[in-house]
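Engineer: Sending over a structure as C-alpha cells; questions will come in a sec.
The values are calculated or read from the model by the stated rules, or taken from the named source; none is laboratory data. For clarity, every value in this text was computed on a predicted model and none was experimentally measured. Virtual Cβ from ideal backbone geometry, glycine too; neighbours counted across all protein chains shown. With ligands, DNA and RNA removed, areas are computed over all heavy atoms of the protein, side chains included. Shrake-Rupley method; radii C 1.70, N 1.55, O 1.52, S 1.80 Å.
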Amino acid sequence: MYTLQYTTKNIADVFSALKTDKNGLSDEEALKRRKQYGLNQLGAREVKWWQIFLRQFISPFIYILLFAAALAIFMSEMIDGLLIVAFILINTTLGFAQEFHSERALILLKQFVVFRARVKREGKEKLIDSRELVPGDIALVETGDIIPADLRFLETNDLTVDESILTGESAPVAKIANKLASKQNEIHEALNLGFSGARVVTGRGIGIVINIGRGTVMGDVAKLTVETKRESGFEKGIAKFSKFILRMILIILLLLFTANILIKGRDADIAELLLFSIALAVSVIPEALPLVTTLSLSRGALQMARQHVVVKRLSAVEDLGSVEILCADKTGTITENKLTIAGIKSDNPADCLFYAAAAASFLGEGKPEPNNAFDLALWDKLDKKEKVKVKQIKRLTEIPFDPERRRNSVLVKTDNGGKMIVRGAAEIILHLSKNITDKATLQKWMIGEGKLGRRVIAIAAREYPALENYTEAEEKNLELIGLISFVDPIKSTAKSAIAHAEHLGVQIKILTGDSREVAGAVAKEVNIVKSESEVITGEELMALSEEEQHLAAQKYNVFARVSPEQKYRVIELLQNKYEVGFLGEGINDAPALKMANVGLVVNSAADIAREAADIVLLNPSLSTIIGGIRDGRSVFANTVKYLKITLISNFGNFYAIAIASLMINFLPMLPVQILLLNLLSDFPMIAIALDSVDKAELRRPRAYNVREVIMIAIFLGLVSTVFDFIFFALFFRRDPAVLQTSWFIGSVLTEIALIYSIRTRFFFLKTKAPSLALGSLSILAILATVLIPFTDFGGVIFHFAKPTSANLIIIFSVVAGYFIITEMIKLAYYKMEANRQNGS
C-alpha cells in the first residue's frame, strides 16, 4: 500500500519527497498539482443504468425464452408467446431494480469524503473545497472532523482517531508525529498516519497530504466494492441447465428433421414438419422457470420479512440456503461494538472507577459527554450522583495521552490541596507506583483478562500540593488505586445463532480487524475455536504461497488484523471450493460483502455496507439468519423439483412424439395441441414454487447438481416415453383425431401425476401434504384437460375428438400404472444414490 511507505520517513524527508514545507503550498503550485493528480474524489468506475438493464438479457436461458416467444408468435400462438414475454419482463425488471439499487455503493462511499478542508497555504490557514486538496498540502484536523485525505502527521496534541470504518477496531487509535522504527504493512500499525474517511475522536493534528482520491486507502475500498462483480450460485445453477437444454434441443431437432426427410422423402410436408419441429422445441423449454423461481423467491423473501429481514437481491434468498461457509466480522456482528467494564481489581472499586472517570480527557475540553470508547464505558458505569461529582472537580492542568508514554495525567484541586491522577497501560502505571505489595497477583489478573481478549488500564494518584504545572518526571511515587478491564461484549444471541448455523451444516469463520488475542477470545467464547491460539493474522496469510493460502483459508476459522483487501482475499480463496456468505457491518466490510455469494449486514451497519449487501437484518439478533437459511433451502428444493419434473415430462413427450412422427404419415399431436398441453401442465408446475418441503431437504447446504437432475430425467424420461408409446399403441389404429386427443389427455395427466411423485425423495404417502395452491391448480388442470375435448371450442380450435367413456377408463388406467412405476424407479434410484455416496 503506497500510503504506508511514509511511516518510516522523518518530517524533513516527507517535506522533501512532496516538495513542500511547513508553510504549505502556494495557490499557483496547488493548481499545477491539481491538474497533475486530479480532484480528491473517489473515481472508481460507475456503471450506467442502461448497462445494468442490458446485462439482464445476457443469459442462455433468456436466449431460449426469446427464441421460444418469437416462434410462438410466428405460429400465431399469441397467448403463449405473450406469456413467455411476460415471464422475461418480470425477470429482467426485478433483476434491474435490484442491481441498480446495489450500484449506489459508490455514491454512499463518497459521503465519507468531506466537502470542506482546513489547510495551510503560503503560511496562512484557509478553508477550501476538499476536492481541491493535492499531495503536499498541509491539512489541519481536530475533534469531530473527518480526515479529508491520507495524511502523514507532523504535529499531534492528544490526537485519537476512530478507524473502525477501515479496520473494524472498536477502540480509537492514538496518533503520533514521530517516524516509526520500521515500515508497517497494516493500517492499524501506522500510528503516524491519518486515513481518509476516519473520524477524529479527541485532540488536534497537523498533517501533510500524501494521497488523495483513488490513491487513498478509502479509494482502494471503493474500487474493490464498486468494481467487484458477483455471480450468484442461483445464476450459475440456472445457467448450467439452460446450456444443457439448449444443446439438447438443437441436436435432437436437427436429427428429427433430417430423419423425417430421409424416411418420408417426397411424402414429407416440409412446412408442416417445420411447424411441428418448432412446436416440439417450444414444448421442451421450461418457459415457466423464471415465474416459478420468482414466486418461490418472493415467498421466501416475504417469510424472511416477517422475521425482520430485508432481502434486496431476490435470488439471494436461495443463495443463502446454499451457503456452506458464513464469514462474519466480529465487531458489531458477534460483539456489540461498544466497550463495557468487565472487571475492577481494587481494594476500593468505587474510588478506582471515580478517579478513572475524573482523568477523562473530555472533561478538560469542556464537552458534556465522553467522546471515546473507554471514557464512555467508565461514564456509563457511574451513577447520577457520581457523574455530578466528577463534573464538579476543578481541573488545574493535564498532560494528554501519548502513544509513546502510554498514559495521561491530570492535576485536580481537592480540599487538601491538589491531587495528580494518572491512568494508562497497566505495566507502565505499576512501574510508577510505590505501594504494590503483591505484584504477582496483579500480573496474574492482568494476564487472565488479556487471555479473555480484554483491555486493562491502571489508575494511580499522588498528593501534589503545589497546584501548578508539572512535568512527566513528576509522574512517579504514585499510589496504585486499581486496575480496570474493558470488553466489547458478545451479543446475547450470538452463541445460539452460531450453534444453530453449524447444526444446519454451515461453518462459521471470523474475519476481523481486531488483535489476535481479542479475536481468539471471542471465537472461543462462542465455540468457533477450541483454543485462542487457532488464529491467523492477515499479514501471516498474505506471506504464504498461493497453495498455502488455499489450505490456510480452509484450516483456520479466525482471521485477525485483516484489512479490507485481505477479507476480500479470504472470501476469494474460499469460493474456489465453497458457497460463501459474509456477515459484516463497517465500511471495511463493503468489498467482502460484494464479493461473497451472499452478503448480509445488521441494520446498524454503515450505509455503504448496507448498499453492498444482499440481505439486511433489521433485528440485530443473528438468529434471524437461521430462518433465512431454511427459507433459502426451501426455495432451492422447489426450484430443483420444477427442473426435474419439467425435464422428465417434457423430454419424455419430446422423444415419444418425435419418434412416433417417423412411424405414421400424420402428426401424432398437432402443434396447437402441443402448445395447449404445455400451457395446462404449466399451471400446477408454477404452483410448485409454493409447495411444502421435506425436513430432510433443509438439513444441509445444497448446490445445483446437474448430474443428479440429468440422471433422474434420463431414467424417468424413458419411463415417460414408454408410457407415451403405450398410448400410441392403444390408439394409433383409430382415427388420427382420437389418437391425438387421447395422447393429449394422457400427457397432461401423466405430468400432473409425475409432480406428486417427484416432489419428494420418499414414498409419496410419507411426505408432507402438498400446498393448497398446488392441489387446487392440479385439480383445475385435470378438469380442463378432460372437459375441453368435449366442447365445441376444443373441437374447432384444437381439433379434438370427443373421448368415449371406454377411452377415458383406458387413459386413467395407464396414468395410474405410470405413477406406480415412476414411484418404484424413483425410490430405487435414490436408494442407489445413497449407497453410492455412503460408499465414496
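Engineer: So between Leu467 and Lys35, what do we pick up on full extension, going 0.36 nm a residue minus the alpha carbon distance?
Structural biologist: Stretched out fully, the Leu467 to Lys35 stretch lengthens by 150.0 nm.
Engineer: So what's the net charge close to Arg759: Lys and Arg +1, Asp and Glu -1, counting the other residues with Cβ under 11 Å from its Cβ?
Structural biologist: +2
Engineer: What does the stretch 458-593 give for Rg and for Dmax, in Å, if only its C-alpha atoms count?
Structural biologist: 21.1, 69
Engineer: Next question. Below 8 Å, C-alpha to C-alpha, sequence gap of six or more: please give me the relative contact order for the stretch 441-547 in percent.
Structural biologist: 26 percent
Engineer: Which three numbers, in whole Å and largest first, are the semi-axes of the equivalent ellipsoid of the stretch 373-489 derived from its Cα gyration tensor as √(5λ)? Present the calculation step by step, with values, prior to reporting the outcome.
Structural biologist: Working: eigenvalues 115, 71, 34 Å².
Here the semi-axes work out to 24, 19, 13 Å.
Engineer: Something else now. Between Ile263 and Leu718, what is the label-point separation in nm under the 7 Å Cα-to-beta-carbon projection?
Structural biologist: Inter-label distance under the simple model: 2.0 nm.
Engineer: Right, next: Could you work out what % of the accessible surface of the stretch 679-744 is carbon and sulfur, using a 1.4 angstrom probe and leaving DNA, RNA and ligands out of the count?
Structural biologist: Answer for the stretch 679-744: carbon and sulfur cover 66 percent of the accessible area.
Engineer: Right, here's the next one. Gain in length, Asp129 to Phe762, computed as 0.36 nm per residue apart minus the alpha-carbon separation, to one decimal in nm?
Structural biologist: 221.0 nm
Engineer: Please report the spacing between the Cα centers of the stretch 799-840 and the stretch 746-781 in Å, no decimals.
Structural biologist: Using only Cα atoms, the two centres lie 12 Å from each other.
Engineer: Given a cut-off of under 8 Å on Cα pairs at least six residues apart, what relative contact order in percent is computed for the stretch 377-422?
Structural biologist: Relative contact order here is 26 percent.
Engineer: Which three semi-axes in whole Å describe the equivalent ellipsoid of the stretch 752-829, each the square root of 5 times a Cα gyration tensor eigenvalue, listed largest first? Please report the intermediate quantities before stating the final value.
Structural biologist: Details: eigenvalues 170, 51, 16 Å².
That gives 29, 16, 9 Å for the three semi-axes.
Engineer: Also: Please compute the per residue accessible area over the stretch 483-563 with all protein chains in place, 1.4 Å probe, rounded to a whole number of Å².
Structural biologist: 41 Å²
Engineer: What does the charge add up to near Val209, with Lys and Arg as +1, Asp and Glu as -1, over the other residues with Cβ less than 9 Å from its Cβ?
Structural biologist: -1
Engineer: If you take the square roots of the eigenvalues of the alpha-carbon gyration tensor of the stretch 730-776 and sort them as a ≥ b ≥ c, do you get rounded (a/c under 1.5), prolate (a/b over b/c) or oblate? It would help to have the intermediate numbers written out before the result.
Structural biologist: Details: a/c = 5.56, a/b = 2.68, b/c = 2.07.
Because a/c hits 1.5 or more and a/b exceeds b/c, the stretch 730-776 counts as prolate.
Engineer: What's the extension gain from Val796 to Ala350 if we count 0.36 nm per residue and subtract their Cα-Cα distance?
Structural biologist: Values: separation 446, 0.36 × 446 = 160.56 nm, distance 9.52 nm.
Computed gain between Val796 and Ala350 is 151.0 nm.
Engineer: Continuing with the same structure: Below 14 angstrom from the Cβ of Ala784, what's the summed charge of the other residues (Lys, Arg +1; Asp, Glu -1)?
Structural biologist: For residues surrounding Ala784, the net value is -2.
Engineer: Can you give the FRET efficiency for Lys22 and Leu89, using 1/(1 + (r/R0)^6), R0 = 60 Å, r = Cβ-Cβ distance, to the nearest 0.05?
Structural biologist: 0.40
Engineer: While we're here: Rounded, prolate or oblate: which fits the stretch 409-457 when a ≥ b ≥ c are the square roots of the eigenvalues of the alpha-carbon gyration tensor, with rounded for a/c under 1.5 and prolate only if a/b beats b/c?
Structural biologist: In terms of gyration-tensor shape, prolate.
Engineer: Residues of the stretch 178-218 with the amide nitrogen closer than 12 Å to a label point 7 Å from the Cα of Leu140, along Cα-to-Cβ, please.
Structural biologist: 204-207
Engineer: Using a ≥ b ≥ c from the Cα gyration tensor of the stretch 293-434 (square roots of the eigenvalues), is it rounded, prolate or oblate, where a/c under 1.5 gives rounded and otherwise the larger of a/b and b/c decides, a/b for prolate?
Structural biologist: The shape class here is prolate.
Engineer: I've got another one for you. Applying the Karplus parametrisation 6.51 cos²θ - 1.76 cosθ + 1.60 with θ = phi - 60° to the phi angles of the stretch 131-143, what ³J(HN,Hα) value in whole Hz is obtained for each residue in order, glycine and proline being reported as x?
Structural biologist: So the Karplus estimates, Gly and Pro as x, are 5, 8, 4, 9, x, x, 5, 9, 10, 10, 10, 8, 3 Hz.
Engineer: Round to the nearest 0.05 the FRET efficiency obtained for Ile176 and Leu827 when R0 = 60 Å and r is the Cβ-Cβ distance.
Structural biologist: Efficiency at R0 = 60 Å is approximately 0.25.
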